[in-house]
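S.K.: My questions will all concern the structure given below.
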């Protein structure tokens, strides 16, 4: 039988303390709603006494969430606890989370208090919090560097005072799994059958936050404190997605599970990145762009035969649509043939051999080969410029009090056309206008902008990836005007798609004529 592990999400408190990750009230509310869809057990909404803004955010979240417990953090100071209670009291399941440092390092250099004084402050804080709400969590800050005997003493005292959750954090990411697990085992044994949940809160300074959290579970912890994407102070916190999926994939070994809705993990990760601007590195476990991508030929061959050969969980289990076979210099014939089939080309053996030789030559020069380049390998030659669309003119109107509007003028051969559209922003309005003019509808899957020079008149490079007819096409443009560059990049991708569509239609007509004996 598996033990139930509660997930205490501190993305909105500890995670938001990560440099550059601050969020306003509305952004915190959006993330909190997604955390409830993710079905975490506790949302630590913030530190109400730290600022008026944080107080308002915690109070708004407390009034919004209906299933998750809502926690507010406070120092072991009565005024802090009052402020926290004022913010969370309207929650359906309020929790006061109070803390004080317990290591001799913190006592001497930060608090400048004796062990006896800290013990007294801790007990008084828990007793006072308990008089306000039943659910009280106490944290021994810097527990992993605290003298074990003193840690046991303070743990017994706060539990006797009414703490329902006892958190033993690795505040500075100093611990290694064996010693962190041993600390939990010692404290758990000292508390006997006391009705308290032990919690782990690990930082990632040595890259061991998830490993330490799992060691804590093996030694009695039944709550894990973590953040989406592992954001947090310095090197961050234990990553929620890694904890949850590790428990899912290795459930028989670890003997524990969570109630998290894992299919919401990827959506949660993307939302947080969009709110904070902190993007996830491509090789990040579970949610990185490469987590379910395969380029090596041997791996791709195995994946085509059975995904279990190289994937220990499915992409769908975390909310990602499918795995990706990245075509690059390490790819093999099987992956290339499969991608051509997806693009509508059923290649005979000789055709595949020729295409593979050309593909290898191209892949040696590029990191990744895209769909339109694969098609170009088969259909050599340049595009018919007379059939291409060209940008003639562009006018965009946007601002804080007007709806973004774009007027676009295009030319195709001798024909010139003009139309306008509105959108969520200037680029969206512009792309909608292009769709109205051309009748070609695409799905923008990637948009990036980077500077290629310096100064106020810097040149920007726009890169887009757009899906037409189920196939992805790239477009690039360089301009000092990023809106114009965005239009040209999109039109380039669209022209490539139209060229491929024309070639396909031509091949289909030839096949029909051949079958009818016309040619």
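The values are calculated or read from the model by the stated rules, or taken from the named source; none is laboratory data. Note that the coordinates shown come from a computational prediction; the quantities given were computed from them, not determined experimentally. Cβ: placed from backbone, ideal geometry, glycine included. Neighbour counts: every protein chain shown.
S.K.: Looking at segment 28-43, is at least one residue out of contact with any helix residue (DSSP H, G or I) (no Cβ under 7 Å at 6 or more places or on another chain), within 23 Å of residue 173 (Cα to Cα), part of a helix (DSSP H, G or I) and in the same structural domain as residue 204 (by TED's automatic domain parsing)?
M.R.: Within segment 28-43, not a single residue is out of contact with any helix residue (DSSP H, G or I) (no Cβ under 7 Å at 6 or more places or on another chain), within 23 Å of residue 173 (Cα to Cα), part of a helix (DSSP H, G or I) and in the same structural domain as residue 204 (by TED's automatic domain parsing).
S.K.: So residue 58 passes all but one of these: (1) within 27 Å of the chain's Cα centre (by Cα); (2) surrounded by fewer than 24 Cβ atoms within 10 Å (Cβ to Cβ); (3) assigned to a helix (DSSP H, G or I). Which condition number does it fail?
M.R.: Only one criterion is unmet by residue 58, namely (2).
S.K.: Here's a check for you: in segment 37-55, which residue that is under 21 Å from the mean Cα position of the chain (by Cα) and surrounded by 20 or more Cβ atoms within 10 Å (Cβ to Cβ) is farthest from residue 13 (Cα to Cα)?
M.R.: Restricting to residues being under 21 Å from the mean Cα position of the chain (by Cα) and surrounded by 20 or more Cβ atoms within 10 Å (Cβ to Cβ), the top hit is 38.
S.K.: Also, quick follow-up: Could you please give the count of residues in segment 81-116 that are surrounded by fewer than 22 Cβ atoms within 10 Å (Cβ to Cβ) and more than 20 Å from residue 8 (Cα to Cα)?
M.R.: Looking only at that region, the number is 16.
S.K.: To continue, here is another question. Count, please, the residues in segment 254-267 that happen to be closer than 13 Å to residue 243 by Cβ and in a helix (DSSP H, G or I).
M.R.: Residues meeting the conditions: 3.
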